[in-house]
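FYI, it's all coordinate maths here, none of it is from the lab. All values reported here derive from a predicted model rather than from experimental measurement. Note that each Cβ is placed from the backbone with ideal geometry, even for glycine, and that neighbours are counted across all protein chains shown.
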Amino acid sequence: GAVVSQHPSRVICKSGTSVKIECRSLDFQATTMFWYRQFPKQSLMLMATSNEGSKATYEQGVEKDKFLINHASLTLSTLTVTSAHPEDSSFYICSAQTSGRANEQFFGPGTRLTVL
Amino acid sequence: SQQGEEDPQALSIQEGENATMNCSYKTSINNLQWYRQNSGRGLVHLILIRSNEREKHSGRLRVTLDTSKKSSSLLITASRAADTASYFCATALNQAGTALIFGKGTTLSVSS
């Protein structure tokens, strides 16, 4: 149980385009989802926290207009990187939490974004 | 933001040797977790230790937690080449619904 999927696993896009990454909890309801970003040879940095049905809370330094997060249902959150640039190239990882297991997070496999 | 530091940043050992990685953090926590990440891949959850626990074992892994010093260590015994990966500690705060905060990680290389 507690499986989280991400789609796509890898995406290459041209500079200036927008990319949408999906994060799904497959067998549980995710009341909270988190989005992390990881640059090469670095650790995971929290970008934002999203609760179902409400606006996401962004960490300091993360542009909310550039990284649009939607958490419209208890099993799906999306991250849209708008007008992507090469510096947005990174590994994006989502995680999900359910209200019954509030101190556990279940991680997706990650999405590798490369912006040319 | 990142919760703390790990040391060493990089560790190279021979197969069969033990590897010890340390993690320090800054705030009170509910639990601390260790993850492994192979190059370019997702996270693998290794072990969780709660704030009221001092030591925990899982196979070849031993984790300790010292809340007075706000530090934890991960010991991998009898290392194998397959243990080569990056290892991260992550802390969960006492407030429900908050994200795990990751340390900077230790890159372990085990040569045969």
Requested in this report: Under a cut-off of 18 Å between alpha-carbon atoms, report the lysines in cross-link reach of residue B:56, not counting same-chain residues fewer than 8 places apart.
Outcome: B:69, B:70
Query raised in the report: So for the protein assembly as shown, taking the charge dipole from beta-carbon charges (+1 Lys/Arg, -1 Asp/Glu), which of B:90, B:59, A:99 sits furthest toward the positive end?
Result: A:99
Query raised in the report: In percent, what relative contact order does chain B have, based on Cα pairs under 8 Å that are 6 or more apart in sequence?
Result: 38
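Partner chain Cβ atoms within 10 Å, averaged over the residues of B:75-82 - can you pull that number for me?
Working: counts 0, 0, 0, 0, 0, 0, 0, 0.
The shielding value for this peptide is 0.
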Requested in this report: Return a single number: how many Lys pairs in chain A, at a sequence separation of 8 or more or on separate chains, have alpha-carbon atoms below 16 angstrom apart.
Outcome: 5
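From the P(r) of the protein assembly as shown, can you give the percent of Cα pairs sitting at distances over 23 Å?
Numbers: 12479 of 25878 pairs.
Distances greater than 23 Å cover 48 percent of the Cα pairs.
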Query - Listed residues B:90, B:99, B:81, most fluctuating in chain B (Gaussian network, C-alpha, under 10 Å) - result: B:99
Report summary line: Partner shielding of A:104-111, as the mean number of partner chain Cβ atoms within 10 Å, equals 4
Requested in this report: Evaluate 2.2 N^0.38 Å with N set to the residue count of chain A, then give the Cα radius of gyration divided by it.
Outcome: 0.99
Query raised in the report: How far is it, in nm, from the label point at residue A:17 to the one at residue A:65 when both lie 7 Å from their Cα along the line to the Cβ?
Result: 2.4
Report task. Report the full-extension gain for the segment residue A:10 to residue A:72: residue separation times 0.36 nm, less the Cα-Cα distance, to one decimal in nm. Result -> 20.0 nm
Query raised in the report: Given the options B:33, B:95, B:14, which has the most mean-square fluctuation in a GNM of chain B, springs set between C-alpha atoms less than 10 angstrom apart?
Result: B:95
Requested in this report: Just the isolated ones, please: cysteines in the protein assembly as shown lacking another cysteine beta carbon under 4.7 angstrom.
Outcome: A:13
**Report entry** 18 Å cut-off, amide nitrogen to a point 7 angstrom out along residue A:57 Cα→Cβ, residues in the range B:15-35
**Finding:** B:27-31
Report task. On a C-alpha basis, how far is the centre of the range B:13-68 from the centre of the range A:44-95 in Å? Whole number, if you could? Result -> 27
Query raised in the report: With r defined as the distance between the Cβ atoms of residue B:51 and residue B:75 and R0 fixed at 22 Å, what FRET efficiency is calculated, to the nearest 0.05?
Result: 0.65
Requested in this report: Provide a whole-number value for the mean count of partner chain Cβ atoms within 10 Å of the Cβ atoms in peptide A:40-52.
Outcome: 4
Query raised in the report: Mind checking Rg over Rh on the range B:27-78, alpha carbons, Kirkwood formula for Rh?
Result: 1.00
